[in-house]
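The block underneath contains the structure these notes are about, expressed in structure tokens.
The values are calculated or read from the model by the stated rules, or taken from the named source; none is laboratory data. Computed from a predicted model, the values in this text were never measured in an experiment. Glycine gets a Cβ as well: all are built from the backbone with ideal geometry, and neighbour counts include every protein chain shown. Note: areas computed on protein heavy atoms with side chains; ligands, DNA, RNA excluded. Shrake-Rupley method; radii C 1.70, N 1.55, O 1.52, S 1.80 Å.
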Amino acid sequence: MAARKGRRRTCETGEPMEAESRDAGSEGPPQVYLPGRGPPLREGEELVMDEEAYVLYHRAQTGAPCLSFDIVRDHLGDNRTELPLTLYLCAGTQAETSQSNRLMILRMHNLHGTKSPSSEDSDDDDEEDEEDEEERKPQLELAMVPHYGGINRVRVSWLGEEPVAGVWSEKGQVEVFALRRLLQVVDDPQAMAVFLRDEQARVKPIFTFAGHMGEGFALDWSSRVPGRLLTGDCQKNIHLWTPSDGGSWHVDQRPFVGHTRSVEDLQWSPTEDTVFASCSADASIRIWDIRAAPGKACMLTTASAHDGDVNVISWSRREPFLLSGGDDGALKVWDLRQFKSGSPVATFKQHVAPVTSVEWHPQDSGVFAASGADNQITQWDLAVERDPEAGDVEADPGLASLPQQLLFVHQGETDLKELHWHPQCPGVLVSTALSGFTVFRTISV
């Protein structure tokens, strides 16, 4: 959210941005810039990031854009809030030619906060300031392996002590790659040199399934049964992968039948070993139980969950809630105890284009984030209620049209595709877009 014409304002959750104009404009009461709701920026106006709204903010580019990525859990500890941060990502490219694509591990480190430590000595010279700035520069290490074909989706899991990535290729197959060596070399420059010289070109997937007969996007590892995997394709089929001895998988050739169009996303239940949810371009959300035969495994269906394609879902690890986002721009919260009713318990309409990603906060049960093709990332808290005593609505009438649960609107990306909360760094969000990766934490979460 932002002010217009060089004026600054702070919304009720404390999230300010600025708009600046290079031409002299008339002064007046502050106005709120509401993406998709108010008038567009006029000529000479631009939105400028206000660093006071962010605890952490960094951007990175990897060459070809990445449609999908996942955060790799590491051994640096949980609940990390001390800066600078280190994090590991696994991502796949969508390059201009099939031969130019890569699966990669990114190590992003020395990620400092937006506020540099204040100097006690006011007489510090410019050289010391430059040294401090150099020490605070973010660092990026990349380990890449060739991948023939664009990568539609990447999801990471740990099989005991072995990290693996499930990769949906635009060429129609799903592959599993071992990540241990890639994670080693981004931490060790000498190992990286050996890897680039002797190993990089020879890395192959440890398992490949080509039985989908076409490309897809939906993929999810079970958090409860290591190695158990679901994959869904654009032909409406869902297949179950069961790990077998020797680091391989048995993929059931009988698909789960129910959807009538492309399966867009899959989510295993975080509390039940055999239950999963799916969403589809047929506008439905379905709940399944793999203990039944694939043709009879669909237990619950909401046929018209959205007005159009249901693109993404997220199953809360804290509450019996499912979150969905669709082509209609709507975000919906479903109470699975009332799923048969076909009605969500909450619907939010802030995005003005298809929702491209949704995810519940891993620690805070009421908080979630979403990204959209309108280049907004929104943060929400179901527990928030507007304070009737607050004067912000009177000062900025435009705020009255905002959902009261909306905490923060982040902008500045181009063609947003996916976001994830870091499971070990509370409040840290990572997103990927045509414009690259962004790592940030806002003052609101």
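Key figures
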| quantity | calculated |
| --- | --- |
| Sequence of Thr302, Thr242 when ordered by accessible area, the most exposed leading, probe 1.4 angstrom | Thr242, Thr302 |
| Computed E for Ala383/Asp335 - FRET, C-beta separation, R0 22 angstrom, nearest 0.05 | 0.90 |
| Along principal axes, Cα extents of the stretch 196-304, largest first, whole Å | 53, 26, 23 |
| Efficiency of FRET from Cβ geometry, Ser343 and Asp198, R₀ 45 Å, rounded to 0.05 | 0.15 |
| Unit charges at the beta carbon, dipole of the chain: most positive-side option, Gln363, Cys279, Ala95 | Cys279 |
| Local net charge near Thr260, Cβ-Cβ under 14 Å (Lys/Arg +1, Asp/Glu -1) | -1 |
| From the C-alpha gyration tensor of the chain, square roots of 5λ in Å | 37, 30, 19 |
| Between the stretch 160-215 and the stretch 236-270, the Cα center-to-center distance that results, in Å | 21 Å |
| Per-residue [θ]222 nm for the chain (sum of -39500 (n - 2.57) over DSSP H runs n ≥ 4, rounded to 500) | -1500 deg cm²/dmol |
| Percent carbon-and-sulfur accessible area, the stretch 228-361, ignoring ligands, DNA and RNA, probe 1.4 Å | 46 percent |
| Gaussian network model of the chain, springs between alpha carbon atoms under 10 Å - residue of Gly160, Gly329, Gly427 with greatest fluctuation | Gly160 |
| Amide N proximity, the stretch 149-168 versus Gln99 label position 7 Å along Cα-to-Cβ, cut-off under 15 Å | 149-150 |
| Rg and Dmax [Cα atoms of the stretch 68-207; Å; Rg one decimal, Dmax integer] | 18.5, 63 |
| R0 of 25 Å, Cβ-Cβ distance Ala191-Arg73: FRET efficiency to nearest 0.05 | 0.75 |
